[in-house]
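The values are calculated or read from the model by the stated rules, or taken from the named source; none is laboratory data. As the structure is a computational prediction, the values presented were derived from the model and not from experiment. Quick reminder, even Gly has a Cβ in these numbers, built from the backbone with ideal geometry, and neighbours come from all protein chains shown.
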Amino acid sequence: MANPPFNVDKVKAESCESAKRLPFGMPSINKNKEVGNGNYLWISYFYSYLNEKGRAGFVMASSATDGQGKDKDIRRKLVETGHVDVMISVGNNYFYTKSLPCSLWFFDKNKNEAIKDKVLFIDARNYYTVVDRTLNEWSEWQLKNLNAIVWLYRGETEKYTALLDEYRTILGKGDFEDILHQLKDELKDLQKRAKIEVEHAGRGDKKRIQGEYDEMIASKNEEVTVAKEANWLYEKFGDGGYKNILGLCKTAYTTDVAKDNDKDENENKISIEEKGWSLTPGAYVGVAPVEDDGVDFEERMAEIHLELLSLQAESNDLMDTISKNMKEMGL
């Protein structure tokens, strides 16, 4: 596993060639006999380190999945080996100092027979948890769900089943969607009770009661989060078995020949060759339909308006109290 620096430039071509770690040839060289962009040096190096059963996973600039010229030639040779396993697109704001998107590349020289001529593409750019305005991440459960897609693609259904069992251990038995709705209702009820009790509590008890409810609300929020991820996974893949999901994941064949030799007539087949040897997941998975979030716009705007009026009234009361206290202090 590695996270190399992206787009390294001015790499001396002679030193690259002498290292003998370029099984697919040299990237483009400029008039100064330098490699202008080192992304495909890293990609070639990682591949060259693998033994006959080796695996590699690394982060790379998004632009590398679709580079042209010599990069495209190297990528074609790489795909034709059959050792490209999984490609994942990652959205913005996953780095502390940069906002640029990236891709995750996975090689496997020991792929099983069922997927030896295939590559799994996952577009995870719209699947993330917001940490703050400038940082996103995958939560623990989102990482498990992404792993689950790969397990199903590889035929490792027992791992997928174990994850469903883990969800059920935490959430209890029942339909994940029903559990999610129930937990959301419980969360709303808890938030309403907290507001009422804090408003009616004496000045000395407000902070304690708010703290107690904050803990309960945080715990319930965690349950809701787990239920959301369980439902997200189950509604797509059910009890197990890989399938292509529009806007999320799709398998593609390494060449047109591999596609034509597959006997599955029910699959919407596509090859990397016919896509110009691109390894960009978005070129394969398509765009998911926009889902209705079930929120009534006019009703929600009315609720927000009432909330603003309430906050404004509280602010006015607070200012009156502060002004009164300052007068009593002679200020």
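Before moving on, here are some points about what is shown:
- Residue check for Tyr253: buried (at least 19 other Cβ atoms within 10 Å of the Cβ), within 18 Å of Leu143 (Cα to Cα) and touching a Lys or Arg at 6+ places or on another chain (Cβ under 9 Å): no
- Cross-chain or 6+ apart pairs with Cβ under 7 Å, the stretch 252-273 first and assigned to a helix (DSSP H, G or I), then aromatic (Phe, Trp, Tyr) and at pLDDT below 85: none
- Any chance Tyr234 is hydroxyl-bearing (Ser, Thr, Tyr), assigned to a helix (DSSP H, G or I) and in contact (Cβ under 8 Å) with a residue 60 or more places away in the chain: yes
- Selection count where residues are charged (D, E, K, R) and part of a loop (DSSP other than H, G, I, E, B), scope the stretch 44-60: 2
- Scanning the stretch 168-207 for residues that are of a type in the set (Asp, Glu), part of a helix (DSSP H, G or I) and within 29 Å of the chain's Cα centre (by Cα) yields Glu177, Asp178, Asp185, Glu186.
- Cβ-Cβ contacts under 6 Å between residues 6 or more apart (or on different chains), taken from a first residue in the stretch 169-192 that is more than 12 Å from Thr225 (Cα to Cα) to a second residue that is of a type outside the set (Asp, Glu) and surrounded by fewer than 10 Cβ atoms within 10 Å (Cβ to Cβ), are absent.
- When Cys16 is tested against (1) surrounded by 13 or more Cβ atoms within 10 Å (Cβ to Cβ); (2) modelled with pLDDT of 95 or more; (3) at negative phi, just one condition goes unmet, and that condition is (2).
- Any chance Thr97 is without any contact (Cβ under 8 Å) to a residue 12 or more places away in the chain and either part of a loop (DSSP other than H, G, I, E, B) or closer than 21 Å to Glu274 by Cβ (or both): yes
- Any hit, the stretch 157-167, residues being aromatic (Phe, Trp, Tyr) and either on the phi > 0 side of the Ramachandran plot or part of a helix (DSSP H, G or I) (or both): yes
- Any pair with Cβ under 8 angstrom, 6 or more apart, that starts in the stretch 3-30 at a residue that is in contact (Cβ under 8 Å) with a residue 12 or more places away in the chain and closer than 20 Å to Tyr49 by Cα and ends at one that is part of a loop (DSSP other than H, G, I, E, B) and among the aromatic types (Phe, Trp, Tyr): Arg21/Tyr49
- Exclusive hit being in a strand (DSSP E or B), among the β-branched types (Val, Ile, Thr) and either under 30 Å from Glu223 (Cα atoms) or at pLDDT 95 or above (or both), set Val150, Val130: Val130
- Entry remark, the stretch 195-215: residues being under 21 Å from Glu307 (Cα atoms) and either in contact (Cβ under 8 Å) with a residue 60 or more places away in the chain or surrounded by 11 or more Cβ atoms within 10 Å (Cβ to Cβ) (or both) number 8 in total.
- Residues in the stretch 19-48 that are surrounded by fewer than 13 Cβ atoms within 10 Å (Cβ to Cβ), within 21 Å of Ser278 (Cα to Cα) and modelled with pLDDT under 90: none.
- If you filter the stretch 285-331 down to residues that are of a type in the set (Asp, Glu) and either modelled with pLDDT of 70 or more or in a helix (DSSP H, G or I) (or both), you find that the one that is farthest from Ser89 (Cα to Cα) is Glu328.
- Residue match in the stretch 98-106 (condition: modelled with pLDDT of 95 or more, surrounded by fewer than 18 Cβ atoms within 10 Å (Cβ to Cβ) and out of contact with any strand residue (DSSP E or B) (no Cβ under 6 Å at 6 or more places or on another chain)): no
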